[in-house]
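Report on the following structure.
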Amino acid sequence: MLAGKLRPILVLLIWLLSLGASALWLTSARQAVLVVGGGPADSESYALTTVIADTLNTSQKRFTVQVFDTGGSAENLRLLQSGQLDLAEIQADSIVPEGIVGVAKLYPDAYHLIVQQSSSIQNFADLVGRRVAIPPASSGQNASFWFMAEHFGLSADQFLALPMSEPAANFAMVHGQVDAVFRVRSPGNKVIRKLIGDHPMRLVSIDQSEALALRQPALQPGVIPRGSYRGSPALPAADMPTAVLDRLLVTRSDMDPDVIYRFTKGMFDQRSDLRESSQLAGFLGPISGGENSVLPVHAGALRYYDREKPSFMQSNVRLVSALLYTVAILVTSLFALRAHWNRMRRIQMGGFNARLMEIAHAARHEEGYAALVEGKHKLVDILSEVVADLDRERVSQEEFEHFSFAWQAVDALVRDRLMLMGPMPHAELHAGVVR
């Protein structure tokens, strides 16, 4: 009857265990999905992140990568913070909120200011009173433009800034609806090349990039190389000074380190395949995690970058060798001193034992009462010396115990010899031999 009641319970337990095992298997088999904000659909960053996603999805089995077009750096950072994106591309000069960390450098960007060939605009400050096509507010390029304007002392009421997409800006520039176009793009950008390569336009140099770098550490002086947009005649005609910065791939600091490690490893392991699909992939590189880094590096990416970093022992092999050599000398010296100390103690104890044997030998052959009594006194003197050495730790407890055994034996021999002789003769007593 009891077995009949237990049977449904056992069946239920088996079903629960089976369901639990199935759930665990499904969880472990499920692929992680990484959502990446690639920037505007017609941008270089979107094209490169799409190539990275396609390559990793082909070679990786533990996660898949999905790329979505976004408004740019500012929108990407907002979507990252809200958890709608797992990774995103941004300009290195973007204002990065807390909790956003780096994964990799994608490629270098440069500030571009484009004007008509006949324009009198020779530098950024000449934009006063002009119409300027600038990137949308959701883009990091927009913030870069206003950073430049502030540096050159231009306020928003001194010119007309018109946020618009790249195709709209190109159209407006070609038809004379704007006087200048500002962009942050890699030198040789295809969209810029189509604009200035096919129309009478030119680039304006940004000649205060060193000063800009003082205010924005992500910036550094650079050039748009001669002939970046046309080979003959060369456009620009010479290396053109400008401010350059990196385009970065970032993520949240709370992303699983193992996932980011596998993503980073897969990206760099497949770099040769990436270069076949995108020239910009040749610029792919690690973010430095030092004090001069623009932002911290995610723990998973840092684990990949530090994979070949020498250990402390390897980096300080000479110092470690010298320390080991010194320790070996000290230890050897201590052992030598200890051996010398033990040898000296054995010699000293050997001397005490030799004196005991002399007394024992004399006691066995002496016939005079006075000589035996003198031997008795010598035994007491030797015992006093050994006890004094024991107090000064010149004799170990074990050595003292061995000595005591020998001393008691000799003392017993002397006493036995005295007892066999009987009372002390009167003459010897009168002579005062007893101390």
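The values are calculated or read from the model by the stated rules, or taken from the named source; none is laboratory data. Quick caveat: nothing in here was measured; it's all calculated off a predicted structure. Neighbour counts run over all protein chains shown; Cβ positions are idealised from the backbone, glycine included. Calculation scope for accessible area: heavy atoms of the full protein, side chains included, ligands and nucleic acids excluded. Shrake-Rupley method; radii C 1.70, N 1.55, O 1.52, S 1.80 Å.
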Which one is least open to solvent (accessible area, probe 1.4 Å), of the residues in the stretch 234-266 that are in a helix (DSSP H, G or I) and basic (K, R)? R262
Given the conditions (1) at pLDDT below 70; (2) within 30 Å of E166 (Cβ to Cβ); (3) of a type outside the set (K, R), which single one is not true for G20? (2)
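To keep it simple, each residue is scored yes or no on (1) under 42 Å from the mean Cα position of the chain (by Cα); (2) aliphatic (A, V, I, L, M); (3) crowded, with 19+ Cβ neighbours inside 10 Å; (4) part of a strand (DSSP E or B).
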{"site": "L162", "(1), (2), (3), (4)": "no, yes, no, yes"}
{"site": "K194", "(1), (2), (3), (4)": "no, no, no, no"}
{"site": "D207", "(1), (2), (3), (4)": "yes, no, no, no"}
{"site": "A213", "(1), (2), (3), (4)": "yes, yes, no, no"}
{"site": "S232", "(1), (2), (3), (4)": "no, no, no, no"}
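Quick grid of which residues meet (1) under 14 Å from A412 (Cβ atoms); (2) open to solvent by 40 Å² or more (accessible area, probe 1.4 Å); (3) in contact (Cβ under 8 Å) with a residue 60 or more places away in the chain:
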position	(1), (2), (3)
N353	no, yes, no
E358	no, yes, no
G375	yes, no, no
I382	no, no, no
Mind checking whether some residue in the stretch 50-73 is of a type in the set (D, E, K, R), under 18 Å from D109 (Cβ atoms), assigned to a helix (DSSP H, G or I) and modelled with pLDDT of 90 or more? no
Given (1) part of a helix (DSSP H, G or I); (2) of a type outside the set (D, E, K, R); (3) touching a strand residue (DSSP E or B) at 6+ places or on another chain (Cβ under 8 Å); (4) open to solvent by less than 40 Å² (accessible area, probe 1.4 Å), number of the condition Y46 does not satisfy: (4)
Out of D109, D93, sole residue that is in a strand (DSSP E or B) and either closer than 23 Å to N189 by Cα or acidic (D, E) (or both): D109
The residue that is least open to solvent (accessible area, probe 1.4 Å), considering only those in the stretch 215-230 that are basic (K, R) and out of contact with any Pro (no Cβ under 8 Å at 6 or more places or on another chain), is R230
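Residues are listed down the side, and each one gets a yes or a no for (1) within 39 Å of the chain's Cα centre (by Cα); (2) among the aromatic types (F, W, Y); (3) modelled with pLDDT of 75 or more; (4) assigned to a helix (DSSP H, G or I):
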{"residue": "R307", "(1), (2), (3), (4)": "yes, no, yes, no"}
{"residue": "L330", "(1), (2), (3), (4)": "yes, no, yes, yes"}
{"residue": "W341", "(1), (2), (3), (4)": "no, yes, no, yes"}
{"residue": "M357", "(1), (2), (3), (4)": "no, no, yes, yes"}
{"residue": "R364", "(1), (2), (3), (4)": "no, no, yes, yes"}
Anything in the stretch 68-95 that is under 22 Å from D256 (Cβ atoms) and surrounded by 21 or more Cβ atoms within 10 Å (Cβ to Cβ)? List them, or say none. N76, L77, L80, L85, D86, L87, A88, E89, I90
Among (1) within 19 Å of Q122 (Cβ to Cβ); (2) in contact with a helix residue (DSSP H, G or I) (Cβ under 9 Å, 6 or more places away or on another chain); (3) not small (G, A, S), P200 falls short only on (2)
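Mind checking which residues of the stretch 108-150 are more than 20 Å from L212 (Cβ to Cβ) and in contact (Cβ under 8 Å) with a residue 12 or more places away in the chain? Walk me through it before giving the result.
Our first condition is that a residue be more than 20 Å from L212 (Cβ to Cβ); within the stretch 108-150, this holds for 116-120, 129-131, 133, 136-138.
Once the filter is applied, which keeps residues that are more than 20 Å from L212 (Cβ to Cβ) and in contact (Cβ under 8 Å) with a residue 12 or more places away in the chain, the stretch 108-150 yields Q116, Q117, S118, S119, G129, R130, R131, A133, P136, A137, S138.
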